[in-house]
Amino acid sequence: MSRALFGVLARPSGTVRTGVLLVLLAASGVAILDLVREQTGTPGFFVGLGLALLPVPPLMAAFRWLGRAAPGPWGQLLFCFGWGACAAALIAIVANSFATQWIAAATADPSDADQLGSVAIAPVVEESAKAAALLLVFLFRRRHFTGPADGFVLAGFTATGFAFTENILYLGNAFGEDLASGVGVLESMTAATFFVRIMVSPFAHPLFTVLTGLGFGAAVLAGRRATRTGLPLAGLAAAMGTHALWNSSSELGESGFYLVYGSVMAPAFGLLVWAAVRIQRRQLHTVRGELAVYAAAGWLDPAEVPALASLPARSLARSLARHSGGRAAAPGGAGGAATGCGAGPAGRPPPP
């Protein structure tokens, strides 16, 4: 009995690891929500929560859409979102507060401590905390981490969760200031914070962390161990640098925000969207090539190959399957095209 227990603890099963992670996420979620509510006050917390929820569904839908050529399991995506919203946010708020207080005590200048913490400390702490979710998937769910597209989507979900919790804090604090000063809605800090964080730059955190995700995704395809280690670190360094540049925009005068937004953030966002679409097209090209082997072996009609390698055709197939066989038939409506592989007729293995 004791030997069996030792074996479970020494080399835990996937179920045990999943249970431990869920418990940790739940505990960190309770802790971070309590910390945020303590800082914002109860009214500010609920206002911030309601406003911070608004960009979450569109962002999640956008990242899911970008990964639709080979969609990963929802459980994995929700884990990444939960890690960003709970564990990463808790690590960030505790570490950032500790570092800022230490710098203020060492320099006796709280304003300099806030500036240094925002530009030098926060990007390192926050991007490292978010990257931990990608590292866990990379290490323990490698079969679902197959390339840059997966890194893109997983990073997006992680950063969306982190931004959600951070937005509760910023919007809740702004609402508390407005209550104390009694200003009108249009002149309020809440409105200004909502405009900047929710309407103008909801993609900021996802943009930073996607750079880390692309590093992990490229590492999956790398052959050498040094390359597999270096690519995620390079992506993380790029995420930290971009994050630091964005945070420093407030130190560049009244036009600093618009300067960095227009010259760096908007072009970087457009470049990443272009990269995501290109990655998706390459995935479909790979699917087409793999299915051509099945067609050559006589297991598929040659006319089916371009249809199964087309996302609109897949959607149509799922709709028809759902219409004829109900919701349970819809996931199989596109056959094995999601991954480009599967078993042949009568359970035979795929052609070599």
FRET efficiency (L22, F98; Cβ distance; R0 30 Å; to 0.05) is 0.65
With a point put 7 Å past each Cα toward its Cβ, work out how far S255 is from D34 in nm, to one decimal.
4.9 nm
Ranked order, W299, W65, W246 - accessible area, probe 1.4 Å, largest first
W65, W299, W246
Obtain the nm distance between the two label points defined at L233 and T286 by a simple spin-label model: each point lies 7 Å from its Cα along the Cα-to-C-beta direction.
2.6 nm
First check a/c for region 104-183, with a ≥ b ≥ c the square roots of the eigenvalues of its C-alpha gyration tensor; if it is under 1.5, answer rounded, and if not, answer prolate when a/b is larger than b/c or oblate otherwise.
oblate
Does region 20-90 come out rounded, prolate or oblate, given a ≥ b ≥ c as the square roots of the eigenvalues of its C-alpha gyration tensor, rounded meaning a/c under 1.5 and, failing that, prolate meaning a/b above b/c?
oblate
Measure off 7 Å from each Cα along the Cα-to-Cβ vector at A120 and A192, then give the distance between these two points in nanometres to one decimal.
2.7 nm
Normalised radius of gyration for region 55-203, please: alpha carbon Rg relative to 2.2 N^0.38 Å, two decimal places.
1.21
Cβ-placed point charges (K, R +1; D, E -1), dipole of region 27-118 about Cα centre in debye, nearest 20:
560 debye
Apply 1/(1 + (r/R0)^6) to the Cβ-Cβ distance of S248 and W65, taking R0 = 22 Å, and write down the FRET efficiency to the nearest 0.05.
0.10
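The values are calculated or read from the model by the stated rules, or taken from the named source; none is laboratory data. Computed from a predicted model, the values in this text were never measured in an experiment. Methodologically, a virtual Cβ is constructed for each residue, glycine included, from the backbone with ideal geometry; neighbour enumeration extends over all protein chains shown. Side chains are part of the model used for accessible areas, which takes the heavy atoms of the whole protein and leaves out ligands, DNA and RNA. Shrake-Rupley method; radii C 1.70, N 1.55, O 1.52, S 1.80 Å.
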